[in-house]
Structures are given as C-alpha cells and as structure tokens.
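Here the structure comes first, spelled out in structure tokens, and everything after it is commentary.
Every number in this text was worked out from the coordinates using simple rules, so none of it is lab data. In this text the structure is predicted, and so the values were computed from the model without any measurement. Positions of Cβ are backbone-derived with ideal geometry, glycine not excepted, and every protein chain shown enters the neighbour counts.
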Amino acid sequence: MYCTACGKVIVDDARFCAYCGKTVGYIPAPVPRQLFRSRTNRMLAGVCAGLGTYLDLDITLFRLITALIVITSGFVPGIVMYIVAWIIIPLEPQMLPACTHQPATNP
C-alpha cells in the first residue's frame, strides 16, 4: 500500500504512515455516546449519575442541580420527572468477566 500524502510504500494494515505520520487506510467511525442509568455510582436509581456522565458534568453537581429543581418546582413535578427518567433511561449494561473456567479432567 502507498501513503496518499508522501507516496512511500507502507505496510498494508498500517493506520499511519511511518514516514510522514498521516492517517491512511480505514478510519473507524466514532462510537456514539448512549445515555444509561449508572449501575455502580447511584444513590436512588442512577439517573443523576447517568446524566452527569453523558453530559460530562460532575455527578455531585448534577445531583445538586436536580435537588434544587425538585425543591423549587414543588416536590410533585420534580419527583415525577425523576421517576419518568428512571423508567425511560435504560440501565447500564452489566460487564461480566471473561469465563476462565476450564473443564475438569478425570485422571
């Protein structure tokens, strides 16, 4: 394969040219971010932790903002919004360790 920037011969499966440093070949598309409720960093249902992670905000700051919204809007609308988010936002997929169990052999 040839580099499209400098024209030098490079390895067929290379992602970068060793001579000029330009990106060559297939560039994978970025994975879109998805909104999930947190499994590990949760107080009630993981809604604030999931939204804070998705929006790249500090989770504690997001929890404080949510508490202020609940208090200032009256408890019923704020709590209803939280419960709706709890129902709508899916739970984060569980990451399981790879199975390393090998079948026992009888001697």
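Computed quantities for the displayed model
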quantity	calculated
First in region 13-24 and touching a residue at least 24 places away in the same chain (Cβ under 8 Å), second anywhere and surrounded by 12 or more Cβ atoms within 10 Å (Cβ to Cβ), Cβ under 8 Å, 6 or more apart	none
Residues within region 42-87 that are part of a loop (DSSP other than H, G, I, E, B), crowded, with 17+ Cβ neighbours inside 10 Å and aliphatic (A, V, I, L, M), tallied	1
